[in-house]
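Below: the structure, in structure tokens.
None of the figures in this text is laboratory data; all of them are computed from the coordinates on show. Owing to the predicted nature of the structure, the values given are computational and were not obtained by experimental measurement. With ideal geometry, Cβ positions are generated from the backbone for all residues, glycine too; neighbour counts draw on all protein chains shown.
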Amino acid sequence: MERMMKRTWAEISLGNLEHNVRNMQAQLPEGCRYLGVVKANAYGHGAVPVAKRLEEIGVTNMAVACYDEAVQLREAGITAQLLILGPSPAFLAKDIAVLGDVCQAVGSLSLAQAMSAEMDGSGLTLPIHLKLDTGMSRTGFSVMQHGALEAAAQAMALPGLDAQGVFTHFAVSDELGNDFTAEQFLRFTRSVSWLEETSGKKFALRHCTNSGAMVNYPEMYLDMVRPGIAQYGLYPASEHGALDLKPVMKLMTRVAEITDHLPGDTVSYGRTYTCERPHRFAVLPIGYADGLHRALSNQLEVVIGGEKARQCGRICMDMCMVDITDLPGVQIGDPVEIFGGEQSVDALAELAGTISYELLCAVSPRVPRVYVD
Ligand SMILES: *Cc1c(COP(=O)(O)O)cnc(C)c1O
């Protein structure tokens with residue numbers, strides 16, 4: 001059994017995932033759908049186990065970033081309606097259609113035309129969601145520009161495509177009180193009305209709510225919400241709104257070795273930490289190849305047996321050292337929390353100069369995911 005002990009692992013609480021989803025579903029008005037965003041390996045939590053739990057609790061819609069992620073879910077037997085959020089190359093149009101109930105985001109007339117041409121003669125229809133750019137300037141028909149809506153209307157009319165949905169993405173919905181979200185929402189709803197009037201067709205799904213809007217703008221839920229980070233139990237900003245979320249991932253490692261050092265000894269590459277007194281270090285088998293950002297060197301604290309221990313010296317590829325001089329009870333094999341329990345991902349992200357999303361996604365494939373409840 002001892003040989004089975006993991007060096008470093010990510011504990012994934014599917015119970016907390018379920019709690020978060022149910023909590024958000026409870027906020028939704030009658031008829032509003034919940035789409036779970038499971039792109040990027042479900043923000044590092046494992047796309048297939050996460051999607052399976054979502055499906056078990058009745059989530060009917062999920063979003064991925066690209067075709068390969070949609071294939072992974074279908075191969076695992078996930079039958080929920082999928083939305084590919086990113087642009088796909090046109091030559092994949094038929095492959096996407098044969099997956100069944102997979103919608104492709106389309107944000108330009110040229111892509112729509114190329115996909116329509118691919119579908120020609122296949123006897124299949126590709127379901128699409130029109131992507132409108134209302135101020136993010138990433139992808140989508142840029143509704144601020146002359147002719148963009150006419151182009152979107154043309155895309156809707158193309159054979160082989162079925163525009164079932166329309167959506168946009170917010171740039172600052174996590175910032176409560178920033179007027180730009182209301183501006184984007186207004187641009188979106190006006191554009192959708194214009195498209196529906198012009199085409200004579202009603203979209204089944206109009207959606208714009210990411211986690212920021214989930215917390216801050218309940219009036220913008222429309223037909224479907226699509227939270228990502230909130231599903232994994234993290235708030236996009238300090239506001240919590242009506243939501244009650246629990247972190248899903250806990251990143252854990254364990255003490256691999258204990259070493260003693262003399263005053264004057266320097267620690268790790270670059271000698272960035274000098275022992276001022278006799279030191280005892282715990283060597284932890286986690287490094288930047290596991291997703292522990294090197295930028296956190298000499299800043300990070302970890303939690304061992306409920307106590308904080310300071311990380312000293314540069315974080316290496318596979319290891320780092322923490323000071324346990326004042327924690328005499330620590331022993332080889334003791335579990336160590338990096339984040340997700342007593343230490344929040346957000347606090348760590350701030351230290352690293354980034355956001356929780358990046359730390360979760362950074363947990364590398366080398367780290368086994370261990371699923372609990
Ligand atoms: C990633 C993504 C989301 C989810 O964003 P969160 O901030 O994690 O809620 C929603 N919509 C689109 C288009 C996205 O790319």
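In this simple spin-label approximation, ALA237 and SER199 carry label points 7 Å from Cα along the Cα→Cβ vector, and these lie 3.2 nm apart.
The modelled label-to-label distance for the pair VAL283/THR259, using points 7 Å beyond Cα in the direction of Cβ, is 0.5 nm. The ranking of PHE167, PHE185 from fewest to most other beta carbons within 10 Å of each one's beta carbon is PHE185, PHE167. Overall dimensions of the range 222-373, expressed as equivalent-ellipsoid semi-axes from the Cα gyration tensor (√(5λ), whole Å, largest first), are 32, 15, 14.
Under 5 Å between amide hydrogens, built in the peptide plane, is the criterion, and for ALA105 it picks out ILE84, HIS129 among residues at least 5 positions away or on other chains. Amide H contacts under 5 Å for VAL370: ALA10, GLU11, ILE12, restricted to partners 5 or more places along the chain or on a different chain, H placed in the peptide plane at 1.01 Å from N.
Between ASP162 and ASN298, the C-beta separation translates, for a Förster distance of 45 Å, into a calculated FRET efficiency of about 0.25. Of the trypsin sites (Lys or Arg not before Pro) in the range 53-152, the ones in a loop by DSSP (not H, G, I, E or B) with at most 14 other beta carbons within 10 Å are ARG138. Among the lysines, which have Cα under 21 Å from the Cα of LYS131 when same-chain residues fewer than 8 positions away are ignored? Filter leaves LYS39, LYS94, LYS201, LYS202.
Counting only alpha carbon atoms, the long axis of helix 47-56 and the longest principal axis of the chain meet at about 60°. Maximal additional length on extending the ARG22-ASP244 stretch stands at 78.9 nm, based on 0.36 nm per residue less the C-alpha distance. With helices as the sole contributors, the chain gives -8000 deg cm²/dmol at 222 nm; each DSSP H run of n ≥ 4 counts as -39500 (n - 2.57), and the sum is divided by every residue.
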